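Notes for the one structure printed next.
The values are calculated or read from the model by the stated rules, or taken from the named source; none is laboratory data. Predicted model only: the values in this text are computed from it and were never measured. Using ideal geometry, Cβ is built from the backbone for each residue, glycine included, and neighbour counts are taken over all protein chains shown. These area figures cover heavy atoms from the full protein model, side chains too; ligands, DNA and RNA do not enter into them. Shrake-Rupley method; radii C 1.70, N 1.55, O 1.52, S 1.80 Å.
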Amino acid sequence: GAVVSQHPSRVICKSGTSVKIECRSLDFQATTMFWYRQFPKQSLMLMATSNEGSKATYEQGVEKDKFLINHASLTLSTLTVTSAHPEDSSFYICSARTALLASYEQYFGPGTRLTVT
Amino acid sequence: AQTVTQSQPEMSVQEAETVTLSCTYDTSESDYYLFWYKQPPSRQMILVIRQEAYKQQNATENRFSVNFQKAAKSFSLKISDSQLGDAAMYFCAYQSTPDYYQLIWGAGTKLIIKP
């Protein structure tokens, strides 16, 4: 089946620093990747959608200068949280879809827990 | 805009019994997909079942089945013979067409399995 990985699974960083989270599709070409944020006991909140080779489309209220998304290849997207603050602490999930497989389905990564101290 | 509502924040069921999780949605579209996802304590999202709106037949996957009522805009999930491994958050999600790929999520229902 289609597998999506995320790295790191957990990261702790100091306030003011930047942290990068990688999302990789391991056995398929991800034409579109999605980045979600999930607070404890809440649903997934879509942050942005990225198509390979194009600029990401951010949801309303998401600071594009703070959450930098790059989808440079068909297997890799990165989310960089710049100048992180404690309120950025959250669980970040990526998902991917491809036109080559069942077009309706998104395949989810295992998530990254970010803690900003 | 489409919305998805899960009115049960938490449900509990005795092991081996049957439980039904509710989901309603609002849309003006006629062609769409509906999904149930499971998120266990590991936080990995797992697709449980999907339903295409144009299909009248309710989808089933082993112990999981749905009751899709298009006119009522209702999409409930029935879990039969509940097992301890079914304990998780369950999210209902809507997707308008295969080309419009954004998922609209419900708030989730926490399912507790009592041994």
Residue count for region B:48-69, restricted to those that are among the aliphatic types (A, V, I, L, M) and assigned to a strand (DSSP E or B) | 3
Considering only residues of region B:47-91 that are touching a residue at least 60 places away in the same chain (Cβ under 8 Å) and of a type in the set (A, V, I, L, M, F, W, C), which is most open to solvent (accessible area, probe 1.4 Å)?
-> B:84
Inside region A:18-117, counting only strands (runs of 3 or more DSSP E) that do not spill past its ends, which hold 2 or more residues that are farther than 28 Å from residue B:7 by Cα, open to solvent by 50 Å² or more (accessible area, probe 1.4 Å) and away from every other protein chain (no Cβ under 14 Å)?
-> A:19-25, A:67-73
Could you tell me whether residue B:12 is more than 12 Å from chain A (Cβ to nearest Cβ), touching a residue at least 40 places away in the same chain (Cβ under 8 Å) and either open to solvent by 20 Å² or more (accessible area, probe 1.4 Å) or assigned to a loop (DSSP other than H, G, I, E, B) (or both)?
-> yes
Could you tell me which numbered condition residue B:97 fails, if it satisfies all but one of (1) surrounded by 15 or more Cβ atoms within 10 Å (Cβ to Cβ); (2) within 9 Å of another protein chain (Cβ to nearest Cβ)?
-> (1)
Could you say which residue among B:65, B:28 is out of contact with any helix residue (DSSP H, G or I) (no Cβ under 9 Å at 6 or more places or on another chain), polar (S, T, N, Q) and closer than 22 Å to residue B:85 by Cα?
-> B:65
What is the one condition in (1) surrounded by 13 or more Cβ atoms within 10 Å (Cβ to Cβ); (2) in contact (Cβ under 8 Å) with a residue 60 or more places away in the chain; (3) not aliphatic (A, V, I, L, M) that residue B:29 does not satisfy?
-> (1)
Take the residues in region B:31-47 that are of a type in the set (S, T, N, Q) and in a loop (DSSP other than H, G, I, E, B), then tell me which one is nearest to the other protein chains (Cβ to nearest Cβ).
-> B:44
